Amino acid sequence: MTGRLTTFLTAALIGSLLAHPAMAQVQKLRTTIPVNALFFLPLFVAADEGIFKSRNIEMEIVATNGDGPDVDALISGSVEFTVSTPNRLLTAYQQGKPLLAAMSIMDRMGIACFMNKETSERIGLAQAKSLEEKFAKLKGLTIAGTRPGAFTYLLAVDYLKRGGLVPQTDAKIIGIGNGQAMIAAVENKQVDMGCFGSPIIEAAVKRGKAVWFVNNTRGEDPKYNEFLFELLYVRPDYAKANPETVRNVVASLADANRWIANASNEQLLAAAKRRFQGIDDETLMAAIENVKPAFSKTGQVTARSVEAAVAFLKSTDMLTGDVSAQAVSDNSFLPK
């Protein structure tokens with residue numbers, strides 16, 4: 001009797017899995033991100049709130065401490081996706097190794113800079129009447145990004161050039177690693193200014209030894225208000241071979257952006273605390289309110305946002321020619 005029951009239950013289970021194959025086919029996928037920053041909240045929400053799971057996806061998220069290695073992992077095939085800034089999307093195309101943007105996750109510059117408070121007072125930062133005046137006051141200072149060539153580093157290059165300064169001649173730019181290392185370097189005056197994303201900047205300012213330089217997610221710099229900043233990367237060959245997987249990942253991230261747009265402050269704080277446990281609630285909530293308006297409402301990669309990113313990379317000497325949105329993006333994976 002026991003043997004017959006076991007056989008029956010086994011057959012019933014197999015029948016159920018055959019009738020609902022998705023139950024038996026959880027996809028284990030990997031994505032890289034350059035740093036652990038709040039502008040990756042949609043990815044964290046999709047993973048932590050069961051949105052990926054609802055589409056039978058188990059997503060592992062790997063931070064690489066700066067952009068560059070994150071996309072290298074995608075190109076090598078060790079991960080299926082990357083959520084990152086657009087520099088490698090555009091430079092890889094120029095090098096004849098095209099990658100594909102399947103979705104825009106944040107369409108405003110998410111990197112900003114914070115300055116040592118004593119330095120800001122010494123150079124008269126508060127007296128600057130325009131962005132160009134602010135940028136010109138960087139002469140003689142040392143600025144930190146995560147690593148050379150990363151977006152945090154390129155933003156400093158852009159600021160110096162817009163202030164009429166020559167990078168590495170009129171002011172020094174160095175790579176310093178993760179956010180906590182950057183806060184320590186700014187506070188200890190190893191560098192005068194650091195460039196990173198929320199909530200690192202809010203945490204640095206809250207400690208009382210640093211001030212905001214320019215808040216880009218709040219739209220203080222018009223140059224970055226419609227800008228392809230954070231996107232979902234995929235290799236074109238992978239997208240062609242696995243279109244349904246790409247659609248499911250894109251749909252999950254679109255759902256996560258909607259979740260963020262509609263969630264209460266309590267829900268948002270709880271979601272962020274899973275990934276940023278060392279930051280107090282007040283600071284973390286301020287950071288959430290700062291980045292929330294910058295998340296894409298449509299997921300569309302627009303021609304204008306690509307043009308802005310191309311102009312930025314050309315101004316920082318990372319790109320020599322133009323790249324069209326059509327050449328490097330495909331919005332067809334977005335939910336209809």
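Just so it is clear, none of the values below were taken in a lab; they were calculated from the coordinates. None of these values were measured; they are calculated from a predicted model. As a convention, Cβ positions derive from the backbone with ideal geometry for all residues, glycine included, and neighbour counts pool all protein chains shown.
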P(r), alpha carbons of the stretch 171-293 - 10 Å bins starting at zero, rounded %:
11, 32, 33, 19, 5, 0
In deg cm²/dmol, rounded to the nearest 500, the helical mean residue ellipticity at 222 nm of the chain, built from -39500 (n - 2.57) for every DSSP H run of length 4 or more, is -13000 deg cm²/dmol
Convex hull projection area averaged over all views, the chain, Cα basis, nm²
19.7 nm²
At a Förster radius of 22 Å, what calculated FRET efficiency corresponds to the Cβ-Cβ distance of Asp322 and Glu226, to the nearest 0.05?
0.80
Would you mind checking Lys161/Lys273; Lys129/Lys297; Lys240/Lys314; Lys161/Lys297; Lys172/Lys292; Lys172/Lys314 for any pair whose Cα atoms are more than 27 angstrom apart?
Lys161/Lys273; Lys129/Lys297; Lys240/Lys314; Lys161/Lys297; Lys172/Lys292
Any trypsin sites (Lys or Arg not before Pro) in the stretch 127-204 that lie in a DSSP loop and have at most 13 other Cβ atoms within 10 Å would be Lys129, Lys189
hull vol. (C-alpha, convex hull) per residue for the stretch 21-73, Å³ -> 69 Å³
How much length is gained on full extension from Thr169 to Lys53, taking 0.36 nm per residue of separation minus their Cα-Cα distance?
36.7 nm
Percentage of Cα-Cα pair distances in the stretch 112-215 greater than 23 Å, rounded to whole percent?
14 percent
Are there trypsin sites (Lys or Arg not before Pro) in the stretch 245-331 that DSSP puts in a loop and that have at most 13 other Cβ atoms within 10 Å, and which ones?
Arg274, Lys297
Within the stretch 25-134, DSSP-loop GluC sites (Glu not before Pro) with at most 14 other C-beta atoms within 10 Å are none
Determine the percent antiparallel among the DSSP beta bridges restricted to the stretch 112-215, to the nearest 5.
55 percent
Gain in span if fully extended, Glu244 to Lys206, counting 0.36 nm per residue against the direct Cα distance
9.3 nm
